[in-house]
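These notes concern the structure reproduced below.
The values are calculated or read from the model by the stated rules, or taken from the named source; none is laboratory data. Just so it is clear, the model here is predicted, and its values are computed rather than measured. Note that each Cβ is placed from the backbone with ideal geometry, even for glycine, and that neighbours are counted across all protein chains shown.
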Amino acid sequence: MTASVAQYDVIIVGAGPVGLVLALILQAQGHNPLIIERHSARYGLPRAVGIYHQAVEVFNTLGLHDELFKTTITHSGDLMEDFAILEGSEGQCLARIPFTKKLKTGLPESYHLSQPDLEEILEEACRSRGIQVRRSTTVTDVRDETTHVVVSAEDRQGHLELRALFVVGCDGSKSTVRRSAGIRFLTEPGVSSRWLIVDIVPKSPEIMATWKDARVAKQYLNWRRTMTSVPAPPYRRRWEVMLLPDESFAESQKPEFIWPLLAEFGCKPENADIQRTAVYKLEGGWCEKFHKGRILLAGDAAHVAPPFLAQGLNSGLRDATNLSWRLDFALLYPQKNWHGLFQDYSTEQGGTTQRFVKAAIMLEKLFCVTDENAAKQRDAMISNGPLPLPDLGILGSPGMYVADREGDADSKLGAGRHFPEDLIRAGNDQQRLYEMAQWGWLLLFAQHAYSSQELESTLTMQRFREVLKGTYIIVGPEHCEDIGGTIREYMQENSLSAVLIRPDRYVYGGAKSIGGVERLIEDVINYTEST
């Protein structure tokens with residue numbers, strides 16, 4: 001079968017945030033995705049309550065900023081104090097973790113959100129932009145036929161088969177796509193605790209302000225029972241409660257079990273309602289690889305982690321952006337090195353995944369101590385130093401960026417690190433950096449390093465625009481000014497005159513000369529064009 005016979009460019013299995021965002025990016029790149037979802041309607045109750053700036057950058061570039069911030073996303077500082085608290089067994093403060101800090105650009109690092117509202121806006125954006133979302137359709141098998149992929153499914157009319165050039169499984173931790181592809185899931189040992197989640201809504205908004213720790217995200221590390229409490233938008237509070245060995249899932253979701261646990265906070269049936277309960281056993285692990293031929297995985301289909309780093313949704317959205325530009329290239333240049341790009345996706349995201357899953361499991365062991373003496377030792381350890389948390393702003397394993405390739409030391413500065421968004425002013429206009437770049441490669445130049453005429457005259461820059469959908473911006477008061485100063489500061493700190501940024505906002509490499517810029521671009525093009 002040839003590509004022209006495939007019904008779709010990409011079939012995405014799963015209409016959660018990860019699948020919806022991936023579809024929106026692919027559509028913006030000019031492709032024809034289909035989303036298949038087994039459920040007939042969206043799940044209307046809360047789940048994820050927080051996201052980070054990288055996710056918001058993606059929403060901004062998709063043109064959804066105003067709508068999401070009107071109804072769905074809230075600056076964390078609007079809901080809570082500046083620090084999350086780790087409270088020890090005796091009620092003492094063990095650590096204060098910055099929660100509402102600003103980036104160098106002045107923009108917040110973290111946000112709160114309502115996941116049901118987010119999914120509604122994302123799905124409506126898909127439909128309004130011509131992306132088909134096919135609900136009540138259950139995938140039963142996925143077959144890679146070398147030139148295309150066949151998806152077998154069941155809907156209300158019976159059996160059907162759909163064909164696409166690529167398939168992405170965004171279908172959760174029990175992924176049918178993963179099973180069909182024969183990709184092994186590697187469970188990380190050491191995860192054992194069981195948890196109850198309770199979302200509480202006050203009977204009136206002002207009541208919530210009277211509850212204990214109303215504006216504080218807090219981890220209560222009591223050896224008798226560990227609990228977590230965090231504000232959630234718009235007027236809601238979430239408690240996560242570790243279950244003891246003799247407490248069953250069924251009994252723990254009953255009101256007579258829940259209300260006594262919340263009484264010390266001033267939260268009771270007279271002033272609040274239980275909106276949602278859920279129970280689960282923590283898991284941690286990742287796939288041995290994130291792709292096999294034309295079948296790829298993203299989000300919970302590829303990895304799961306205990307929730308202590310709040311990376312569930314955030315990690316899935318990183319997968320979507322990291323994968324989207326590789327799919328774009330594979331669809332535009334089917335005879336080129338898309339196999340290598342997908343292997344790099346697996347390497348990069350797999351490395352990042354392993355770091356945050358292992359860190360989350362370490363936190364579970366630390367937080368879920370049930371022995372009094374061991375808890376005292378744990379409290380002393382936390383009090384004596386910061387927790388060893390991973391830096392998730394940098395890719396976890398060498399992949400497609402200069403740090404893993406031959407080249408001078410200058411080009412490797414900052415390679416593999418996420419480049420934060422800044423506001424750009426050009427004359428009287430103001431725009432976000434990645435709204436200007438959209439979903440192509442981006443070159444940032446320091447003012448006075450090169451002239452526009454010099455840049456436009458090179459054949460390499462022409463290929464940069466044509467092959468990589470590249471955009472370049474000269475940064476400085478006479479051209480485009482970075483209002484937060486992030487770009488100028490980055491250039492100065494690393495003594496660079498140019499930096500090349502991938503479509504997923506990670507730095508590919510830097511340069512100090514026009515020759516260095518050309519080498520960076522040629523390196524990217526040569527790698528992607530190799531077969």
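When the residues of region 203-241 are filtered to those that are within 26 Å of residue 382 (Cα to Cα) and of a type in the set (Ser, Thr, Tyr), which remaining residue is surrounded by the fewest Cβ atoms within 10 Å (Cβ to Cβ)?
Filtering region 203-241 for residues that are within 26 Å of residue 382 (Cα to Cα) and of a type in the set (Ser, Thr, Tyr), the one surrounded by the fewest Cβ atoms within 10 Å (Cβ to Cβ) comes out as 228.
Which one of 163, 179 is of a type in the set (Lys, Arg) and either in a helix (DSSP H, G or I) or not assigned by TED's automatic domain parsing to the domain that holds residue 9 (or both)? Talk me through it step by step, then tell me what you get.
Details: 163 fails: either in a helix (DSSP H, G or I) or not assigned by TED's automatic domain parsing to the domain that holds residue 9 (or both).
Only one candidate qualifies: 179.
Taking only pairs six or more apart or across chains, which ones have beta-carbon atoms under 9 Å, a first residue in region 508-527 that is outside the structural domain of residue 492 (by TED's automatic domain parsing) and assigned to a helix (DSSP H, G or I), and a second residue that is surrounded by fewer than 17 Cβ atoms within 10 Å (Cβ to Cβ) and of a type in the set (Ser, Thr, Tyr)?
The qualifying pairs do not exist here.
Going by what's in this entry, would residue 120 be described as surrounded by fewer than 21 Cβ atoms within 10 Å (Cβ to Cβ) and in a strand (DSSP E or B)? Walk me through how you get there before you give the answer.
Details: surrounded by fewer than 21 Cβ atoms within 10 Å (Cβ to Cβ): yes; in a strand (DSSP E or B): no.
No: the conditions fail for residue 120.
Which of the following residues is in the same structural domain as residue 124 (by TED's automatic domain parsing) and closer than 30 Å to residue 136 by Cβ: 56, 18?
On the way: 56 fails: closer than 30 Å to residue 136 by Cβ.
Just a single option satisfies the conditions, and that option is 18.
Which condition number does residue 280 fail, the rest of (1) among the aromatic types (Phe, Trp, Tyr); (2) surrounded by fewer than 15 Cβ atoms within 10 Å (Cβ to Cβ); (3) touching a helix residue (DSSP H, G or I) at 6+ places or on another chain (Cβ under 7 Å) being met?
(3)
When you scan region 278-290, do you find a residue that is of a type in the set (Val, Ile, Thr) and in contact with a Ser or Thr (Cβ under 7 Å, 6 or more places away or on another chain), even just one? It would help to see each step written out before you state the result.
Our first condition is that a residue be of a type in the set (Val, Ile, Thr); within region 278-290, this holds for 279.
Then keep just the ones that are in contact with a Ser or Thr (Cβ under 7 Å, 6 or more places away or on another chain); that gives 279.
Among the residues of region 278-290, at least one is of a type in the set (Val, Ile, Thr) and in contact with a Ser or Thr (Cβ under 7 Å, 6 or more places away or on another chain), which makes the answer yes.
Where in region 425-492 are the strands (runs of 3 or more DSSP E), entirely inside, with at least 1 residues that are touching a strand residue (DSSP E or B) at 6+ places or on another chain (Cβ under 6 Å) and surrounded by 20 or more Cβ atoms within 10 Å (Cβ to Cβ)?
Result: 442-446, 471-475.
Show me the helices (runs of 4 or more DSSP H) found entirely inside region 1-113 where at least 1 residues are touching a Leu at 6+ places or on another chain (Cβ under 8 Å) and aromatic (Phe, Trp, Tyr).
Result: 53-61.
When you check residue 225 against the structure, is it modelled with pLDDT of 95 or more, of a type in the set (Lys, Arg), out of contact with any Cys (no Cβ under 9 Å at 6 or more places or on another chain) and farther than 21 Å from residue 370 by Cα, yes or no? Give the steps one after another, and end with the answer.
On the way: modelled with pLDDT of 95 or more: yes; of a type in the set (Lys, Arg): yes; out of contact with any Cys (no Cβ under 9 Å at 6 or more places or on another chain): yes; farther than 21 Å from residue 370 by Cα: no.
Criteria not met by residue 225.
Where residues in region 380-397 are touching a Phe, Trp or Tyr at 6+ places or on another chain (Cβ under 7 Å) and modelled with pLDDT of 80 or more, which of them is surrounded by the most Cβ atoms within 10 Å (Cβ to Cβ)?
By that ranking, first place goes to 395.
Taking residue 266, is it small (Gly, Ala, Ser), surrounded by fewer than 18 Cβ atoms within 10 Å (Cβ to Cβ) and not assigned by TED's automatic domain parsing to the domain that holds residue 177? Before the answer, list the steps.
Values: small (Gly, Ala, Ser): yes; surrounded by fewer than 18 Cβ atoms within 10 Å (Cβ to Cβ): yes; not assigned by TED's automatic domain parsing to the domain that holds residue 177: yes.
For residue 266, the condition - small (Gly, Ala, Ser), surrounded by fewer than 18 Cβ atoms within 10 Å (Cβ to Cβ) and not assigned by TED's automatic domain parsing to the domain that holds residue 177 - is met.
For region 29-75, what are the residues that are at pLDDT below 85 and in contact with a Gly (Cβ under 7 Å, 6 or more places away or on another chain)?
48
Provide a single number: the residues in region 193-210 that are part of a loop (DSSP other than H, G, I, E, B) and out of contact with any strand residue (DSSP E or B) (no Cβ under 8 Å at 6 or more places or on another chain).
Step one: list which residues in region 193-210 are part of a loop (DSSP other than H, G, I, E, B), which gives 193, 203-204, 209-210.
Then drop every residue that is not out of contact with any strand residue (DSSP E or B) (no Cβ under 8 Å at 6 or more places or on another chain), which leaves 204, 209-210.
Final tally of qualifying residues: 3.
Kindly indicate which of 337, 322 is crowded, with 23+ Cβ neighbours inside 10 Å and under 25 Å from residue 28 (Cβ atoms). Show your work before the answer.
Values: 337 fails: crowded, with 23+ Cβ neighbours inside 10 Å.
Answer to the check: 322.
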